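Just below is one structure, and these are the notes that go with it.
Bear in mind that the values in this text are calculations on the coordinates, not laboratory data. Predicted, not measured: the structure shown is a model, and the values here were computed from it. Heads up, the Cβs are rebuilt from the backbone with ideal geometry, glycines too, and the neighbour counts pull from every protein chain shown.
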Amino acid sequence: MRKIALLAVPQPALKRLMLYEDEHGAYLFGYNTLEDAGCLWDEWFETAAAAEAEAQARYHLAPAAWQTITDPLPECQHDWISPVRVVGRSAGHPQWGKLEILTDGQWEPVRLTS
C-alpha cells in the first residue's frame with residue numbers, strides 16, 4: 001500500500017510525504033519537491049497507522065490529505081511514483097546511483113537534477 005500527501009503549509013525543506021507499507025513495516029518518505037523524485041529522507045515504523053500518526057503530529061497532516069497510489073512494480077524504487085529502478089538490479093548486478101524509468105514500455109535513463 002502506498003499513499004502520498006501534500007503538506008497544507010509547505011516548508012522550504014519539505015513539501016510532500018509518501019507512505020509505503022509492506023510485510024516488514026511502513027516507511028514514511030519526505031520530499032522537498034512536488035515533482036516525482038527520490039526522497040530526501042525516510043523513517044521506518046511498525047505500522048502505517050503509526051507513520052500516519054507521526055505525520056499528523058509532526059506536520060499537522062490531516063488523515064484526509066492522504067491519496068492512495070499504486071504499489072511499485074517488482075524491483076522498482078518504493079519512493080518514486082513512476083516505475084523507477086536501479087540499473088542492473090533485476091539481473092543481479094546493480095549499478096548504484098544509476099536509475100532508469102519505464103516510459104512507453106521501454107526502460108530509459110533517469111536524468112537526475114540537483
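Observations on the model:
- Taking amide H as placed 1.01 Å from N in the peptide plane, the amide H of Ala37 sits under 5 Å from that of Ile81, each at least 5 places away or on another chain.
- Note on His78 and Ser90: their simple-model spin labels are 2.1 nm apart, each label 7 Å out from Cα toward Cβ.
- The candidate values were (i) 1.02; (ii) 1.05; (iii) 0.98; the one computed from these coordinates for Rg/Rh (Cα atoms, Kirkwood Rh) carries the label (iii).
- Distances between placed amide hydrogens fall under 5 Å for Val87 paired with Gln95, Lys98, Leu99, Glu100, all partners being 5 or more residues away or on another chain.
- Within the chain, longest stretch clear of exposed GluC sites (Glu not before Pro) (DSSP loop, no more than 15 other Cβ within 10 Å): 76-114
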